[in-house]
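Each remark here refers to the structure printed beneath this line.
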Amino acid sequence: MKNFSKFFKIIFFIIISVVTFSNNSNETIKVALGYSARSYDPHRHTDSSTLAITKQIYNNLFILDDNGKIEGELIEKFEIEENILRLKVRENIYFQDGEELTAVIIKESLERNKAIPVTKVLVDPIESIEVIDRYNLQIKSSTNLNIVLHNFTHSSLAIVKNSRDGKLVGTGAFKLLDWGTGVKVILERNENYFKKKSEILKIEFVTIPEATNRYIALETNEVQIAYDIASIDVKALEKSKELRVINELSYGTDFLSINTEKAPLNDVNLRKAINFALDKESINEVIFENTSKVANSIIPPNTFGYSAKEDKIYNLEKAKEIVKNYELPIKIDLWIYEDTSKYQMAQIIQANLKEIGIEVEIKTLELSSFLQLSAMGQHNALIGLWYTSTGDADYGYYPLLHSTSKGGVGNRSFYENKEVDRLLEEARKEQNQSKRKEKYTSVQNIISEENPIIPIVYKTYTIGLNKKIKGFKFNPNGNHILENIHY
């Protein structure tokens, strides 16, 4: 009798969910995330859950089109003359508090980025910003302006402003209604959006850490969109009459980051042995069911500056040959944040390294602690994920490898190589795109030998949607665009 009562309650919940969605289809759409967003301030936090939400609240000066080409969003037109970028702001764009977007506000927003360490790396090339008049400004750059234009597409360079009550507001399709703790975030439609007004009245983001539970929530219509669906659930999604799946290459790369300042992994030969010992093909097969692609570079193939040069392949005998000169076992810790695929990846890495006499202790941290403590260099190694979100290699390499980026900016391997620094600095100034690419290829070759970061797989985004949802726009940087979704 108790089992029957429980079964009845489940069926009742499903029916109510379906009816609610049918009757209020364009009122509220629910989106499931794998972990909680950290803030509604896109300048201070660049994790994918935060930017997945803030992308709906704020706009950028420029965006990347479906072919990865630059086009204006808040900018009507632009021109380049040597190291000067002249911008014309679109008129009659209003923030969610009613104030019009102007050149002065854009300058203030970019200067705010300069004062925040995590996004400073994106605006460092800007030497000066001059307001010409209400809708025109010019920017002087110390680097190739292609880098600056690509950086402007990054969601953490969205244009923000403080409202009269001191809260950040944007010009986006949705505005913040309720943040709470970040576990549940509700956005409401911006009635004065400068593009087409959304058909959806509200979007509710909910945090569901377990991938299996996100799939169940999608299947029972508790949510209508679910990010980061587990590979094991893809086949079921493909067979479903009510659901569909998007499975596309992102700008992201999963990698093993090694702390080069902390023994014993400050030894370049030991890092080389680790690279040979990693069975990346098995990681792709076991965890991602071959839906991802084994990585040979920190930056993915769909970004400028990528080199197709073959990386080291799995070779257990070479790895054993290197470590026979060491006193075994060698003990290290491997940090991950709370994520099922990261834990599975860590287990395979643990098994791989055990075969060559390296004992790995897996330590799982809550995301905020993971980011804070790894920025302080307290780890031996960690499994990271980095999005070259701008579509340009500068944002893949400079934050992760340049010596000035150590710690919270991105270089959690605490790697320092004068030649790499020089190449990255020269690539920023080089105006010829072919010569820039050659310098990035040289960087990739050095990293392949010194292994401060070992690329594992290019992240494929797997998203589940209710088939009744239309207008969803996939974005390779992970900040998918929801302004045109409808039922």
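The values are calculated or read from the model by the stated rules, or taken from the named source; none is laboratory data. The structure presented is a predicted model; accordingly, all values stated were derived computationally and were not measured. Every residue, glycine among them, receives a Cβ derived from its backbone with ideal geometry; neighbour counts consider all protein chains shown. SASA here: full protein model, heavy atoms, side chains in, ligands and nucleic acids out. Shrake-Rupley method; radii C 1.70, N 1.55, O 1.52, S 1.80 Å.
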Query raised in the report: In the full protein assembly as shown, how much of TYR35 is accessible to a 1.4 Å probe, in Å² to the nearest 10?
Result: 50
Report task. Could you list the residues of segment 347-387 with an amide nitrogen less than 17 Å from a label point located 7 Å from the Cα of SER282 in the Cα-to-C-beta direction? Result -> 347-362
Query raised in the report: Just from its helices, what would the mean residue ellipticity at 222 nm be for the chain, if runs of 4 or more DSSP H residues each count -39500 (n - 2.57) and the sum is divided by every residue, rounded to the nearest 500 deg cm²/dmol?
Result: -10000 deg cm²/dmol
Report summary line: On the formula 1/(1 + (r/R0)^6), with r taken between the Cβ atoms of LYS120 and ALA236 and R0 of 56 Å, the FRET efficiency rounded to 0.05 is 0.80
Query raised in the report: How many percent of the accessible area of the chain is carbon or sulfur, using a 1.4 Å probe?
Result: 48
**Report entry** Shape call, segment 330-458: gyration tensor on alpha carbons, a/c limit 1.5
**Finding:** prolate
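Assign unit charges at the C-beta atoms only (+1 for Lys and Arg, -1 for Asp and Glu), then state the dipole size of the chain relative to its Cα centre in Debye, rounded to the nearest 20. Mind showing how you got there, number by number?
On the way: 62 positive and 66 negative charges, 178 e Å.
In total the dipole reaches around 860 debye.
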Report task. May I ask you to derive the FRET efficiency for TYR314 and GLU108 from their Cβ-Cβ distance with R0 = 60 Å, giving the value to the nearest 0.05? Result -> 0.75
Query raised in the report: Which one of GLY377, TYR343, LEU110 has its Cα pushed farthest toward the positive end of the charge dipole of the chain, where Lys and Arg give +1 and Asp and Glu give -1 at the Cβ?
Result: TYR343
**Report entry** For ASP392, distant residues with modelled amide H under 5 Å away
**Finding:** PHE304
Report summary line: The simple spin-label model distance between GLN344 and GLU289, using points 7 Å out along Cα→Cβ, in nm, is 0.9
Report task. Over all directions, average the projected area of the Cα convex hull of segment 341-406 and note it in nm². Result -> 5.8
Query raised in the report: What label, among (i) 80, 57, 43; (ii) 76, 68, 36; (iii) 72, 57, 51, belongs to Cα extents along the principal axes in Å computed from the structure on display?
Result: (ii)
Query raised in the report: Given the pairs LYS55/LYS239; LYS280/LYS324; LYS331/LYS459; LYS280/LYS318, which are separated by over 21 angstrom at their Cα positions?
Result: LYS55/LYS239; LYS280/LYS324; LYS331/LYS459
Report task. Note the full-extension length gain between GLN372 and ARG86 as 0.36 nm times their separation in residues minus their Cα-Cα distance, in nm to one decimal. Result -> 99.2 nm
